[in-house]
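The values are calculated or read from the model by the stated rules, or taken from the named source; none is laboratory data. From a predicted model like this one, the values you see are computed outputs, not experimental measurements. Here the Cβ positions follow ideal geometry from the backbone for every residue, glycine too, while neighbour counts run over all protein chains shown. Heads up: the accessible areas ignore ligands, DNA and RNA and are worked out on the full protein's heavy atoms, side chains in. Shrake-Rupley method; radii C 1.70, N 1.55, O 1.52, S 1.80 Å.
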Amino acid sequence: MSQQGRLFADDLPQWEADAEQDQLVAQVIFPTGPPEPLDYRVPDRLRVSLQVGCRVRAPLGRGDRPVVGYCVALDAQSSTRRRLKELLGVVDRRSLLSPAMLRLTQWISAYYLCPWPQVLEAVVPAGVRGQAGTREAVLLSLAPETQAQLEQLKLPAKQLQALRHLATAAEPLTPQQLAHAVRTTIGPIQALRKKGLIVARRERIEQHLPTDVPVERRPNHVLNADQRRALEAILAALHAAEQRTILLHGVTGSGKTEVYIQAIQEVVRFGRQAIVLVPEISLTPQTLQRFRERFARVAVLHSHLTDVERNHHWQRIAAGEVEVIVGARSAVFAPTPHLGLIIIDEEHETTFKQETAPRYHAREVALERTRAERLPLVLGSATPSLESWQRCVTSEFQLIELPRRVEDRPLPVVKTVDLRTADREHRSPGILSRPLRLQIDQALADGGQVILLLNRRGFSTHIQCPACGLVIKCPHCDIALTHHRQGETAMCHHCDYRQPAPRQCPECQATGIRYSGTGTQRLEYEVRGRFPGVKCARMDTDSMQSAGHYEQVLAAFREGDVRILLGTQMIAKGLDFPNVTLVGVVQADMALHLPDFRAAERTFQLLVQVAGRTGRSDRGGRVLVQTLSPEHYAIQAAVTHDYGRFARQELPEREQLGYPPFGRLIRLVIRGPSETLVHEFGETLAEQLRSELAPLGEAYRVLGPAPAPIARLRGDYRHQIHLHGPEGLPLRQAVSTVAERLTPPDDVLWIADVDPLGML
Ligand code: ADP
Ligand code: ZN
């Protein structure tokens, strides 16, 4: 310790200050405590068991209440001069977070403006924290000296029997297991323990989980020239042992998954593991099968896992027993001991962004993680996010194109049907235009199958009184209710509020309420009526309440039993059914006019993805897009499968407005039951943010507060503020500074969303 330090160590007696030389100090951060770590002295008895990344029990606050926190660092000395409290115990046998993972969580905390402990709790699943599926057990083994004297020992028969059994057992046994094995009671075993012939230790043991059914292995495809180029780029990055991000822009059906698989095979050959992130929606049996056919040890992490299953997988992954982890967003935190590669398939999907704190994007986290561990990151999509695309333009990412489908299959022919004129020309009431109906007839007659996309659930999406014009809305949200046929209810798609579907206007009592606007239920009704005898299935969140049902419907479709599959975006992505010869989009412009600067991008992506579900065999495929705006560039670009054309139109508009990918954005949402308080606090926030950002000039702007597009949700009023700027850092700093200064009134809450995707 330096001279200077000793001068200030006035509350430590000299001998204690000297003893400090070899003390061990743990920095502990608490989920329910101050945002910064606190220092604790590690008593000698805990030195062996304590590792960085373990949870510990430590006295907190004036009352020294024992609280569980995370040990985030171990040090030989403390930065505080105060006398340190002592740790009470260690909770975890193994570290939950490696030093690299701890640094990653710290980065997330700083970047996404979320307290560090909250990030830790999000990264370590609840099932792992609760050690789900494990129990504390007493395990017996022979005392070290016992083995040698085994033959000479004079003992009662039962005791001798138990001792011999334990000596030859393959693994330690619990007292109950041992008693059972030699058909005795616990008595003789207790006696052996008393004599010191056997020793007992307490340990957590895992309950047995059924293992996956083995899958028949399959050989690799022979890669075509484009695939080979893509694979070589990834392998080059792997062997260079440096971070590189490779964007695989491959049209639907170009064989991206095969490239991922062969890259991972190389990673596994080097004894390392790979993480494959897919949108939750793609965690279909079909996708998983493809990985299970090629790798012996695959862990699948999806949102329907129980705590026990999740903990089981986590432990297997941490022990290095898994080669490939396929999972949704949070699998980016998989505790692989020797990570070799991260792949994000369908990188443009919005489900990679978490909508609750920490509001992280898995792509950015993966980028940070691969930077720290110097690994390649592979992003794949037929319709990359413009953020990733622009990073290729600036050479931050490396672009690899797969412009052709495998085996030279052509992309499907896409045609539009102009809904503004279709009705007049063809006199066809209903949702399906005449051209679309004819195409369906044709496809069915040729033995093909049909996918119909309508990205809105329910029966009627609009309930309105024709007399006074009242639109039936949710009493808690600023949202029109949707009519669901099942149980004749009117339902809010945001808060799940339900009421009986009205027959009469609640305002003017007029009868003859109009139910209009089409959802998937009405589409199903019409399809069944138009094509009697043809089996059809609907897929949306209403019909797919269980994962099992989803698999059933997909299996029936694969087997050809179901001929027409209709539904929301759930059916638009990832599915690979060679017999689908027609895709119909019932209304393409539904999302085009939402108050979201990404509305065109979303529309383009959805159309290209759904079109990609057809033409996946020699039978070819056609796509018919019904739309009210066939001339819109997003629809035109989708019709011609031309991503470049879309990007060339869209990027200049974004640039002009300073929107991502050219500028950075933070969205603040302020909410509460009192609109006045929400508005007033929004004003204060905005004012302070403006004064923080003012020195940086006009490029940094604060817009709002203004009512959010969904101005009321679950009874709360919602106002929003947008922060724009060319760089993200000053925006984040401004929010942090202001957050420290300002406390909202009771009943007012606010959140900051860095790089927001949801704009409603
Ligand atoms: P993408 O992910 O780019 O949409 P997929 O990986 O789903 O494409 O590939 C489409 C189909 O082509 C799959 O059934 C896959 O097994 C098959 N496939 C992939 N690569 C080859 C290849 N080199 N030769 C033949 N078939 C291939
Ligand atoms: Zn509601």
crowded, with 17+ Cβ neighbours inside 10 Å, touching a residue at least 24 places away in the same chain (Cβ under 8 Å) and either within 16 Å of ligand 1 (Cβ to nearest atom) or more than 20 Å from M590 (Cβ to Cβ) (or both): is that true of C505 in this structure?
yes
The range 601-626 residues that are closer than 13 Å to A591 by Cα, paired with ones that are small (G, A, S) and within 15 Å of ligand 1 (Cβ to nearest atom) (beta carbon under 9 Å, 6 or more apart)
Q605/S381; Q605/A382; L606/A572; L607/A572
Search the range 472-493 for residues being surrounded by fewer than 20 Cβ atoms within 10 Å (Cβ to Cβ) and closer than 21 Å to C508 by Cβ, and hand back the single one that is farthest from ligand 1 (Cβ to nearest atom).
P475
Matching option when the condition is assigned to a helix (DSSP H, G or I), touching a residue at least 60 places away in the same chain (Cβ under 8 Å) and crowded, with 16+ Cβ neighbours inside 10 Å, among A122, A100:
A122
It is to be established whether one or more residues within the range 530-541 are in a loop (DSSP other than H, G, I, E, B), open to solvent by 60 Å² or more (accessible area, probe 1.4 Å) and of a type in the set (D, E).
no
Run A299 past the list (1) within 16 Å of ligand 1 (Cβ to nearest atom); (2) open to solvent by less than 50 Å² (accessible area, probe 1.4 Å) and report the number of the one that doesn't hold.
(1)
Can you tell me how many residues in the range 215-235 are among the basic types (K, R) and closer than 24 Å to L377 by Cβ?
2
So, in the range 240-251, exactly how many residues are away from ligand 1 (no atom under 16 Å from the Cβ) and closer than 21 Å to A382 by Cα?
2
Could you please find all residues in the range 103-117 being surrounded by fewer than 16 Cβ atoms within 10 Å (Cβ to Cβ) and either of a type in the set (A, V, I, L, M) or touching a residue at least 40 places away in the same chain (Cβ under 8 Å) (or both)?
R103, A110
If you take the residues in the range 508-528 that are charged (D, E, K, R) and in contact (Cβ under 8 Å) with a residue 12 or more places away in the chain, which one is farthest from A588 (Cα to Cα)?
R514
Number of the exception - R613 against (1) within 16 Å of ligand 1 (Cβ to nearest atom); (2) in contact with a helix residue (DSSP H, G or I) (Cβ under 7 Å, 6 or more places away or on another chain)
(2)
Take the range 66-97 and flag every residue that is under 28 Å from the mean Cα position of the chain (by Cα) and part of a loop (DSSP other than H, G, I, E, B).
V91, D92, R93, R94, S95, L96, L97
Take the range 457-471 and flag every residue that is among the small types (G, A, S) and either in contact with a Pro (Cβ under 9 Å, 6 or more places away or on another chain) or open to solvent by less than 30 Å² (accessible area, probe 1.4 Å) (or both).
G458, S460
For S254, work out the one condition from (1) assigned to a loop (DSSP other than H, G, I, E, B); (2) open to solvent by 10 Å² or more (accessible area, probe 1.4 Å) it doesn't fulfil.
(2)
Show the residue pairs that are 6+ apart or on different chains and have beta-carbon atoms under 7 Å apart, the first residue being within the range 627-642 and at positive phi, the second being among the hydrophobic types (A, V, I, L, M, F, W, C) and crowded, with 16+ Cβ neighbours inside 10 Å.
H641/V251; H641/L411; H641/V608
Taking the range 364-413, which residues are open to solvent by 10 Å² or more (accessible area, probe 1.4 Å), within 12 Å of ligand 1 (Cβ to nearest atom) and among the β-branched types (V, I, T)?
V406
Wholly inside the range 671-760, strands (runs of 3 or more DSSP E) that include 3 or more residues that are over 25 Å from the mean Cα position of the chain (by Cα) and farther than 18 Å from F597 by Cβ are 701-713, 716-725
Selection within the range 209-239 - of a type in the set (D, E) and either part of a helix (DSSP H, G or I) or within 12 Å of ligand 1 (Cβ to nearest atom) (or both)
D226, E232
Could you identify the single residue in L248, L197, L235 that is open to solvent by less than 40 Å² (accessible area, probe 1.4 Å), within 30 Å of L305 (Cβ to Cβ), in contact with a helix residue (DSSP H, G or I) (Cβ under 7 Å, 6 or more places away or on another chain) and aliphatic (A, V, I, L, M)?
L248
Of the residues V267, V222, V213, V276, only one is buried (at least 20 other Cβ atoms within 10 Å of the Cβ) and over 23 Å from the mean Cα position of the chain (by Cα); which?
V267
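So that you can scan it fast, the table gives a plain yes or no per residue for (1) touching a Leu at 6+ places or on another chain (Cβ under 7 Å); (2) more than 16 Å from ligand 2 (Cβ to nearest atom):
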{"residue": "V417", "(1), (2)": "yes, yes"}
{"residue": "T461", "(1), (2)": "no, no"}
{"residue": "V471", "(1), (2)": "no, no"}
{"residue": "H494", "(1), (2)": "yes, no"}
{"residue": "Q499", "(1), (2)": "no, no"}
Those residues of the range 614-662 which are under 23 Å from V393 (Cα atoms) and among the small types (G, A, S) amount to A634, A637, A638, G644, A647, G658
